[in-house]
Each structure stands twice: as structure tokens, then as C-alpha cells.
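Novice: Input: one structure, supplied below.
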């Protein structure tokens, strides 16, 4: 049992960091192991926010040796950015193992991503003109406070609270998932995809790369591949209902859109609130009421429903 949430301001930037924190904290009971945010600020052309980690949280308890190794890995990442002529404009050390860089870069994102992740222990969480993906162990309040997300202003975001069932409790297994190596695409998902390995092998044959064994990552890569081929987000969501087997409800965010899709059986919950300037979605109504406290009308999207909103 996990929780997902999404929010989009259709009249400009809002307090996305605080609002997503409140929504996900309200869903803490659905997944206390880890929390993740994909939040979207104002896009900057030819400048990217690079979020990456060089270790897992639990590794840091191993003593001085791992701390020295983390420093070495970060230096290697810096050297590789310099080699590819990616100019670092701003550096933020969110934790001892997770970093936020703003970079100026005009080259190929796949080349950049592959070169950085060739550093042992390095994993890119996201690269985007607008997207910043943050995930770690703990509830929403813990992760938001650790990464100082309360003051983040942006147009939209999605998030996830995870209860680990089959995979490990670590950052790599946490959601959301960035669509490696595509710009500004992220996904959160509640459910299970039963033809995961079949579809993953098909996408890998097309040259796509996966960084985890989580079925939710498939939705991110699948969506990005469709958009890269010229499909609209709405078309990709509709196509997924026909091609992906299982029970699922998922949210997709791009630099200026938020979309949702439910499978044929509609077994995974989703509650929707839509006003003129604000749309909020979540696994439970309590998350929406955490940011819209006045009397509101909500409803459950029907089976095979697809919706897309633009910021």
C-alpha cells in the first residue's frame, strides 16, 4: 500500500514545496519507509538542475572510510562535468551524499548522464530545466526538512509515500522515477504491472536504459519514449491503458503538464479535486483537504480515465 499525490497551479507559481509536503505527510500511513517529490520550478533555457547522489543513506554509518569514498566520488563527478564542458553555476550540498547542482550545458543529456553514472556509486535522480526530484528515507516531513523544500515555489509537482514490500528500503527503490535520460519527465505509481519484464525488454531493445527493477520506472521510460516519438502526453496515457497489464493508477509530470491514468479495473484509488486555478489528486481525500481546508467537492476518476492539465 503506497500513496501518490499531484498538484498543479494553472495561474502561475505556488507554494509547491509546502503543499506537496502537507499532502504527502497526510498519506504517511500508506507508506512510512520513504518519500519522494518531483517538483517543477520555472524552466531556464540551457540551464539544468542536476540532482544526484553518491551513496545510500545507510552507507554513511560505516565510518571514515565511506566518507572519504563519498568525497572521491563527488570529485570524480565534478571532473566529468568539466570534461564535458558543463559549467557549474550553483552548488548545494543537501546531505553528505546527495547534491544539487545548477549547470549550464548545451550538449547531449544522455552522454552527460552516462558519463556521470559511470562513476562508481553515483546515481542521477533527475536532470531538468524545471524538474527537481528529491527522495530519501523517512516520512514527508523528514525528507522535506532535510532537503529544505518548504520554500520551493513552482507550478506543479507529484509525490509518493512508499511502503516497501518486495524491494529494499533505499533511495534507489524510492519513487518518483525520472525518465532517464529525458528532460523534465517524472512518474509516480500505485499498483502492479504484470507484463513489466516483457515491456522492459522491448524498451531495452530500443536502446532505453533502466536504473532499477521497479515497475514504476517502466512507466517513466515508456512515457518518455512515446513523447520522444512525437506523441502527446494524453495519447501516451491512453495508449498505456491498452498496452500495460496489471492494476495501476499513475501520475506523470512534464515541464508544463500533469497527467493521470487509471487501468481498466480501476482497483487503485484516486481522488480528484478541480477548481479554476488549482487541480489536486491523491490516493485519499485527506491529502487534498490538507491544502484546501474549506468545503470542497471531490470525485473518483472512473476506469480507463485519462486526464491532462497544463500549467
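Taken together, the values in this text are just the output of simple stated rules run on the coordinates, not laboratory data. For clarity, every value in this text was computed on a predicted model and none was experimentally measured. Note that each Cβ is placed from the backbone with ideal geometry, even for glycine, and that neighbours are counted across all protein chains shown.
Novice: What are the extents of the Cα atoms of the chain along their three principal axes, listed from largest to smallest and rounded to whole Å?
Specialist: Each principal axis gives a Cα extent; for the chain these are 52, 42, 39 Å.
Novice: With the convex hull built on the Cα atoms of region 1-65, state its orientation-averaged projected area in nm². Working shown, then result.
Specialist: Numbers: hull surface 28.7 nm².
Orientation-averaged projected area of the Cα hull: 7.2 nm².
Novice: Sticking with this structure for a sec: Quick check: pseudo-label points 7 Å beyond the Cα along Cα→Cβ at residue 146 and residue 205, how many nm apart are they?
Specialist: 4.0
Novice: Determine, for each peptide in 283-291, 241-249, 225-233, the mean count of other beta carbons within 10 angstrom over its residues, then list the peptides with the highest first.
Specialist: Working: 283-291: 20.6, 241-249: 16.9, 225-233: 14.9.
Descending packing order for the listed peptides: 283-291, 241-249, 225-233.
Novice: Shape verdict for region 105-152, please, from the Cα gyration tensor: rounded (a/c under 1.5), prolate (a/b greater than b/c) or oblate. Present the calculation step by step, with values, prior to reporting the outcome.
Specialist: Details: a/c = 4.14, a/b = 1.75, b/c = 2.36.
Oblate shape, in that a/c is at least 1.5 and b/c is the bigger or equal ratio.
Novice: Taking 2.2 N^0.38 Å as the expected size of a compact globular protein, what ratio does the Cα radius of gyration of region 44-129 give against it, to two decimals?
Specialist: Working: Rg = 12.7 Å, N = 86, 2.2 N^0.38 = 12.0 Å.
Its radius of gyration relative to the 2.2 N^0.38 Å reference: 1.06.
Novice: Restricting to DSSP H runs of at least four residues, report the calculated mean residue ellipticity at 222 nm for the chain, -39500 (n - 2.57) per run over all residues, nearest 500 deg cm²/dmol.
Specialist: Details: 8 runs with 87 residues, N = 311.
Helices in the chain give a 222 nm mean residue ellipticity of -8500 deg cm²/dmol.
Novice: OK, next. With just the Cα atoms of region 146-226, tell me how far they stretch along each of the three principal axes, in Å, largest first.
Specialist: The Cα atoms of region 146-226 stretch 42, 29, 18 Å along their principal axes.
Novice: Please give the Cα centre distance for region 8-43 versus region 215-285, rounded to the nearest Å.
Specialist: 17
Novice: For the residues 306, 77, what sequence is obtained by ranking on other C-beta atoms within 10 Å, fewest first? Display every interim value, and only then the final one.
Specialist: Working: 306 18, 77 21.
So the ranking, lowest neighbour count to highest, is 306, 77.
Novice: Using 7 Å Cα-to-Cβ label points, what is the residue 83/residue 192 separation (nm, one decimal)?
Specialist: A separation of 4.3 nm, rounded to one decimal place.
Novice: Another question about this same structure. Using a/c under 1.5 as the rounded threshold, could you call region 228-277 rounded, prolate or oblate? The axes a ≥ b ≥ c are square roots of the C-alpha gyration tensor eigenvalues, and prolate needs a/b larger than b/c, oblate otherwise.
Specialist: Working: a/c = 2.53, a/b = 1.05, b/c = 2.42.
The shape class here is oblate.
Novice: Divide, for region 189-311, the radius of gyration over alpha carbons by 2.2 N^0.38 Å, where N is the residue count. Show your work: numbers first, answer last.
Specialist: Values: Rg = 15.1 Å, N = 123, 2.2 N^0.38 = 13.7 Å.
Compactness ratio reported: 1.11.
Novice: Length gain on complete extension for the stretch residue 304 to residue 120, per 0.36 nm per residue less the alpha carbon to alpha carbon distance?
Specialist: Numbers: separation 184, 0.36 × 184 = 66.24 nm, distance 4.17 nm.
Between residue 304 and residue 120, full extension yields 62.1 nm more.
Novice: Helix 215-228 against the longest principal axis of the chain: what's the angle in degrees, Cα atoms only, rounded to the nearest 10?
Specialist: Computed tilt is about 90 degrees.
Novice: Starting from the alpha-carbon convex hull of region 6-164, give the projected area averaged over all orientations, in nm². Mind showing how you got there, number by number?
Specialist: Numbers: hull surface 38.0 nm².
Over all viewing directions, region 6-164 projects a mean Cα-hull area of 9.5 nm².
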